[in-house]
1. Enumerate the whole-percent occupancy of each 5 Å bin, from 0 to the last occupied one, for all C-alpha pair distances of the range B:294-334.
2. Each residue of the range A:21-29 in turn: what ³J(HN,Hα) in whole Hz from Karplus with 6.51, -1.76, 1.60 and θ = phi - 60°, glycine and Pro shown as x?
3. For the range B:344-403 and the range B:204-257, what is the centre-to-centre distance using only Cα atoms, to the nearest Å?
4. Would you mind calculating the relative contact order of chain B from Cα pairs under 8 angstrom and at least 6 residues apart, reporting the percent as a whole number?
5. How high is the FRET efficiency from A:W208 to A:E100, r the C-beta distance, R0 56 Å, rounded to 0.05?
6. Considering only DSSP beta bridges where both residues belong to the range A:109-225, give the percentage that are antiparallel (nearest 5).
7. Once you charge only the Cβ atoms, +1 for Lys and Arg and -1 for Asp and Glu, what is the size of the charge dipole of chain A about its Cα centre, to the nearest 20 debye?
8. Given the alpha-carbon gyration tensor of chain B, what are the semi-axes of its equivalent ellipsoid in whole angstrom, ordered largest first, with each equal to the square root of 5 times an eigenvalue?
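The values are calculated or read from the model by the stated rules, or taken from the named source; none is laboratory data. Worth saying up front: this structure is predicted, and the values here are computed from it rather than measured. Note that we place each Cβ from the backbone using ideal geometry, even for glycine, and neighbour counts take in every protein chain shown. What goes into the accessible areas is simple: the full protein's heavy atoms, side chains included, and nothing from ligands, DNA or RNA. Shrake-Rupley method; radii C 1.70, N 1.55, O 1.52, S 1.80 Å.
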Amino acid sequence: MHIQTHTDVISACRFCFMCRHLDTTGNVTFREADTPRGRALVLDRIRMNPEQLANPDFINVMYQSTLSAACRKHCVSHYDEAGLVLQARRDIVEQNLVPEAVSQLAQSIQEQFDPKLTGEGQDVLILSTQKDTFEHQLVHLTDKTVQVLQVNDTGKIPSVLGLTDQAKEMAKQIAAMIKKSGCSTVVTNSPAAFDALKNDYPSWEIDWDGITIEHSSTYLTKLVDAKKVTLQCNDEVVYYIDSDYLRNYNDITVEPRQLLEQAGYQLNPFGTNPEESYALGEAAMVLDQLHPKLVQMMVERFKSMMDQPLDRIVTASPYTLRILRGAGIDVMSLEEALLACSAKA
Amino acid sequence: MLLQTDNYHFEMIHSELKWAVGADNVRTDDADKLGHSIDYYWVPELWHDRNCPPQPPQIIVTPETAQDVAKVMKIANNYKIPVTPWGGGSGSQGGALPIYGGISLDTKKLNKVLEIDEKSLTITAETGCNMQQLEWATEKAGYSTMHFPASIACATLGGFLAHRGTGVLSTKYGKIEDMVMSIEMVTPEGEVINTLPVPRHASGPDLTQMFLGSEGTLGVMTKVTLKIHPIPECRKFHAFLFKNMTSAMAAGSELMTSRLRPAVIRLYDTPETAKLIKKVLGIDREGSYLVFGFDGPEEMVDLEMARACEICRKQNPEDLGTEMGQTWWDNRYKFFYPPYMFHMPQAFGTLDTVATFANIENVYWAMKKVVTENFPQATFIGHFSHWYEWGCMLYARFIIDDPPSDPAEATALYNKIWDMAIRAAMDNGGVINEHHGVGLKLGRMMPELYGNAFDILKRIKKIMDPNNIMNPGKMGFGN
Ligand SMILES: Cc1cc2nc3c(=O)[nH]c(=O)nc-3n(C[C@H](O)[C@H](O)[C@H](O)COP(=O)(O)OP(=O)(O)OC[C@H]3O[C@@H](n4cnc5c(N)ncnc54)[C@H](O)[C@@H]3O)c2cc1C
Ligand code: SF4
């Protein structure tokens, strides 16, 4: 079983309570099962009694996790509790126990998978997983011609659902197109896509042959540092919400904040603490489709953490943005906040 | 009455509970039940580790208001179903284990911060609040509860009330029972009651203090008003390494009897200094590590700090300076994370005992003797954690690296060590215990500890819980 690759995590977490206050699911369901300890206990039972993997209650717990990795980040020894859940999902898939809703989602991702490369230029390739204006704004700012790779998903969705083979297949195609483009840097404003290319692809033996993978926040930071772009003109108070993929998977916390401050925004800390994930299930990619009620509960918690109902939120995560907008909260993407009033130096 | 889950009677009760508190607040799923079958007590952990069947509740109920709790209690009384309150499950005494099945009443949805009174400096909150979340909310308002237990991230406010818990800064700010103004409680028969609004009065015996420490056997605490404090201007630490524990104890006790007001003192015996302080703080020297800290206005802190250092220097210790004190503070929770914390396959127990300065060292040596002489496979280490004007708490531990693989044999060995060590402590003036509580683990010791006064406690229990449905089998009250 794949969970056997994480027995150190099972052993550490099964009797440990030290990060339960940060489990994004547990903080709204208040279930013992929805904590790293709860899930490790379940998986330890399964490790000892593999037939128990078929228990629908156990399967449900694995798919309710947000994979936010806030607990892993908090943990003194950084036990990979999120990685353990991913392995459990792979086991569920491989034993044909996957819930119907999960297979249908994966299938529709596959059906819509049709990567398209447009534009020209040798330097920067922009990878976009949604229709947005980021690439145009960046082109406008840098005067660069860029190539744009438009794709519905990088393989991240099947990967987090436990369908690793499907994810790898998508990754292979995307990597081949990127390499063929001749670009030297891939920039994406999707934290999930960034994490996929930066971390998942190499773990699936995709070698980038010197191509740099950048999230837009670190890329823009470099442009600002090199004085190629000036950020200016705001004096608004905003609350920046960390993306799980940026903060908890890639340690990118400083750059987005620094950029916002350079653009003149006054940043207020959101909520009561800097450790909790407020990304509403971003790292589970499709939590809103699989467990809409759960995400609704997270939105309610989010609202309860706001200083005022009209607070302006900025997030780097397109997923979080979509959920917050759907809930009627005033929210901008990081790029919207930065590029709307930036100028070429 | 024990519930069978595969019959119509169970379904009747199940649906009655759902009507009472809402379907989303009544759960029977296996994953959650597994979580509720193991708390931080070593024996259920062992049971799980050896793949023995779990002992879960039949139903988990998550009330959202005190009135919900009252409804659950009334239904449970009607059918005489055991109800065991469950907060964070981080108690080490098995107190939250539903050993007779029935209902596990999980308090975590009672999680509202109701009021911060900035005039009186109090906070009113529901008892299912996670302590760290509550502290964060208090800090956001510019104050602190000053309750910093190592389990701050895992335990609920109610769990601390139920166990008379304590935090690192107890020496200055008190244990939880010193912080409480008043409580709201749902009695076993489903009545919602409130204790008097202030803790200092002359209106008869103190009901608040009677319910604190009752570990879910006398009802469910649902709301509490606590004192809160301004964030101190500064907090400073200093550490020394003494030749041995006795000279460190002499310094520590003088620090307290001189009536200085440290926020914290912690003294590690020589073996724990070698084992844990070395592992976590990297101090690799023989001796007994003592750290203390003061907080408040800087001039006062500096003055008290200087006086405290003077007291310590009388014993000629090695001065580790402020940095080694600050490092301890910064790492104070690290000891409790894997792999720093003791863990399976090890068997380990915290022999928490409290005694006066006149007795505390005798308690230490008596426990150590009994453990090491009778159980040569066990290591005994300890530190002195919570200090008062009259004495302190011994946080002794026994550790067995390779306990028997047979769960019954391992449990018997474990219980035997506890019995002998605790009796040795009691024979020398020690009280079990200072903050971990009694629970399932030490219930059998209660009649010995209290003598004939235990009968009074039993009678109170009988009056409040005539059907004995509230956390049966705990605190020595029987089932
Ligand atoms: C890593 C670690 C470190 C620890 N460090 C400390 C420490 O520094 N200081 C300290 O004091 N303790 C410490 N503990 C022990 C534990 O955290 C405390 O005993 C805590 O009070 C338990 O709270 P809980 O919410 O987890 O309660 P649970 O374990 O869920 O329950 C404990 C008992 O309280 C009862 N109970 C819970 N809530 C209520 C309620 N609302 N009304 C009535 N009864 C209730 C339960 O029935 C049970 O008998 C530590 C534990 C761990 C795991
Ligand atoms: S991730 Fe770390 S802190 Fe969280 S349960 Fe596991 S070992 Fe404990």
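1. Over the range B:294-334, the share of Cα pairs per 5 Å bin runs 5, 20, 21, 26, 19, 9, 0 percent.
2. Per-residue couplings from phi come out as 5, 10, 6, 5, 6, x, 6, 10, 8 Hz.
3. For the range B:344-403 versus the range B:204-257, the Cα centre distance is 19 Å.
4. Details: 994 pairs, mean separation 73.3, N = 479.
Computed over chain B, the figure is 15 percent.
5. Numbers: r = 36 Å, r/R0 = 0.65.
Efficiency for this residue pair is about 0.95.
6. On the way: 4 of 16 bridges.
Once the DSSP bridges in the range A:109-225 are tallied, antiparallel ones form about 25 percent.
7. On the way: 32 positive and 46 negative charges, 23 e Å.
My answer is approximately 100 debye.
8. Details: eigenvalues 284, 147, 78 Å².
Whole-Å semi-axes of the equivalent ellipsoid: 38, 27, 20.
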